[in-house]
Amino acid sequence: MAAHIPLMVEVHAEEVAIHWLRRDLAVDAPHYDRKFLSRLDERIEANLDGLRVAGAVGLEIAQAAFDASQEPGEAFALAVCAFETGDEAAIAQVVDAVAIDGTGALRRAVASASGWLTSEQMGAHVPALLEDMRATVRALGLAIASVHRGAIEAPLETLLQDPVPMVRAQAAKLAGVTGRSDLVPLIRPSKEFAPEVAFELIRAAVLLGERGRPLDALRSLAVGPGARARTALELAVLASPMDVAQNWLAGLGFEEAETVALAIGLMGLPAQVPWLIEAMRDPKLARRAGESLSLITGVDLAALDLEGSAPEDFDEGPNDDPEDEMVALDPDEDLPWPEPDLVAEWWAGESGRYAADGRYFLGQPVSEAGLGEAFAKGTQRHRRIAALAQVLAKPGSVLPNWRAREPLVLG
């Protein structure tokens, strides 16, 4: 029997990596909720227990798996084992890999792993990371502190003036999610920075209550494809007074109709539902229009049989052809395709529930209590929007973490 134990432990290591990769995709997906995330987290935890029970053998297998793959899922598994046991060689192995990873994927995985440990456990390791000579390692320490939402101290006044822009961006992100409005004067976006660095600085400034130029910059970034544009749009709309947001959208052209379709849902405007229904007839707008309808009304298109099929000739764009530039995931991929005629019939019976000049989120007038309920019970994407709306309404507060580990399956 003992001869089979290493093989069983290898299976545990593989399962941790597989389920974490699923989790990494699920945390911002439109069709998963806390219950689904909780079940994934239970599976991750059960397989981590398999590594823990194996003791030194479990750690060695996690090290070997990461050494062979250098992939984020295996980095997550090793990081949990390494930091939990305090094994210096294992910690060095995963930290050194983060240091030379140019994609940031390993940093994200290791930061996520820190969420499986307490702030006290990780707090023993973060100071050394923040003092490391390697910028990527300092950024890792800040990312871990962000996961723990400020429960781990970091010298942000110093790190916001780090000579490496990437570190300043990660420090700004930590300041933004922990509500450190006192540090706004140190958050200075610059056109000279790489786009991803400038974006983090701008986002942090807006989360901390800055409007004006940072908000103008977000609006510029919001028009276009990709996850960064979507995040910029969510922040730009939620942080803007209603009349300002409406005037901005009115100035956009037909080529920005996808931006308009999503913004209507973020603003929560039932008066614009007829426009959304017509937009559903355009394959390029249909799923975003359906998502906005759900943001306003809370309707589940699939549950009410209000969805149709993708057009046969519809080209989603991104693919797995390495010679094609469009290889990114489609952020709308998991959204349902609404059937406009059925939706129109449904809306004819429901529209009377909504005040034409009101603002709604998931079927209820926008309110602090409603946002809290959405964060507790909504899909992951709804939870993200609720979290952003909550903190933007109270600059200086901590941004709720919709990506946090879910230890229990909710009823």
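The values are calculated or read from the model by the stated rules, or taken from the named source; none is laboratory data. Note that the structure is a prediction, hence the values are computed from the model and not measured. FYI the Cβ positions are ideal-geometry reconstructions off the backbone, even for glycines, and counts take in every protein chain you see. Heavy atoms of the whole protein, side chains included, go into the accessibility calculation; ligands, DNA and RNA do not. Shrake-Rupley method; radii C 1.70, N 1.55, O 1.52, S 1.80 Å.
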**Study point:** Per-region count, the stretch 75-89, residues surrounded by fewer than 24 Cβ atoms within 10 Å (Cβ to Cβ), small (Gly, Ala, Ser) and in contact with a Phe, Trp or Tyr (Cβ under 9 Å, 6 or more places away or on another chain)
**Key:** 0
Exercise for review: Quick one: in the stretch 341-391, of everything that is farther than 30 Å from Arg23 by Cβ and basic (Lys, Arg), which residue is farthest from the chain's Cα centre (by Cα)?
Suggested key: Arg353
**Study point:** Residue in the stretch 112-122 that is least open to solvent (accessible area, probe 1.4 Å), counting only those that are farther than 17 Å from Leu59 by Cα and assigned to a helix (DSSP H, G or I)
**Key:** Met122
Check your understanding: Being of a type in the set (D, E, K, R), surrounded by fewer than 23 Cβ atoms within 10 Å (Cβ to Cβ), farther than 24 Å from Gln390 by Cα and more than 18 Å from the chain's Cα centre (by Cα), is that true of even one residue in the stretch 237-248?
Key -> no
Point to revise | Residue among Ala65, Ala77, Ala109 that alone is in a helix (DSSP H, G or I), touching a residue at least 40 places away in the same chain (Cβ under 8 Å) and touching a Pro at 6+ places or on another chain (Cβ under 6 Å) | key: Ala109
Revision key, fill the gap. In the set Pro185, Pro195, Pro189, the lone residue that is open to solvent by 40 Å² or more (accessible area, probe 1.4 Å), over 24 Å from Val147 (Cβ atoms) and of a type outside the set (Asp, Glu) is Pro185
Practice item. Find all pairs meeting these conditions: Cβ atoms under 6 angstrom apart; at least six residues apart or on different chains; first residue within the stretch 24-46 and under 20 Å from Leu78 (Cβ atoms); second residue at pLDDT 95 or above and part of a strand (DSSP E or B). Key: none
Exercise for review: Would you be able to say whether some residue in the stretch 162-178 is surrounded by 18 or more Cβ atoms within 10 Å (Cβ to Cβ) and either among the hydroxyl-bearing types (Ser, Thr, Tyr) or modelled with pLDDT under 90 (or both)?
Suggested key: yes
Review point. Can you name the residue in the stretch 90-103 that is without any contact (Cβ under 8 Å) to a residue 12 or more places away in the chain and small (Gly, Ala, Ser) and, of all such residues, is most open to solvent (accessible area, probe 1.4 Å)?
Key: Gly102
Check your understanding: What number of residues within the stretch 278-309 are touching a Phe, Trp or Tyr at 6+ places or on another chain (Cβ under 8 Å), in a helix (DSSP H, G or I) and open to solvent by 10 Å² or more (accessible area, probe 1.4 Å)?
Key -> 2
Check your understanding: Listed residues Glu200, Glu210; which is more than 23 Å from Thr103 (Cβ to Cβ) and open to solvent by 20 Å² or more (accessible area, probe 1.4 Å)?
Key -> Glu210
Revision key, fill the gap. All-but-one check, Glu345 against (1) open to solvent by less than 50 Å² (accessible area, probe 1.4 Å); (2) in a helix (DSSP H, G or I), failing number (1)
Review point. Condition test on Glu312, is it open to solvent by 30 Å² or more (accessible area, probe 1.4 Å), at pLDDT below 95 and out of contact with any helix residue (DSSP H, G or I) (no Cβ under 9 Å at 6 or more places or on another chain)?
Key: yes
Review point. Among the residues of the stretch 40-49, is any within 30 Å of Ala387 (Cβ to Cβ) and small (Gly, Ala, Ser)?
Key: yes
**Study point:** Qualifying position, being in contact (Cβ under 8 Å) with a residue 40 or more places away in the chain and not aromatic (Phe, Trp, Tyr), among Gly378, Gly372
**Key:** Gly378
Practice item. Using the structure shown, decide if Ile44 is modelled with pLDDT of 95 or more and surrounded by fewer than 22 Cβ atoms within 10 Å (Cβ to Cβ). Key: no
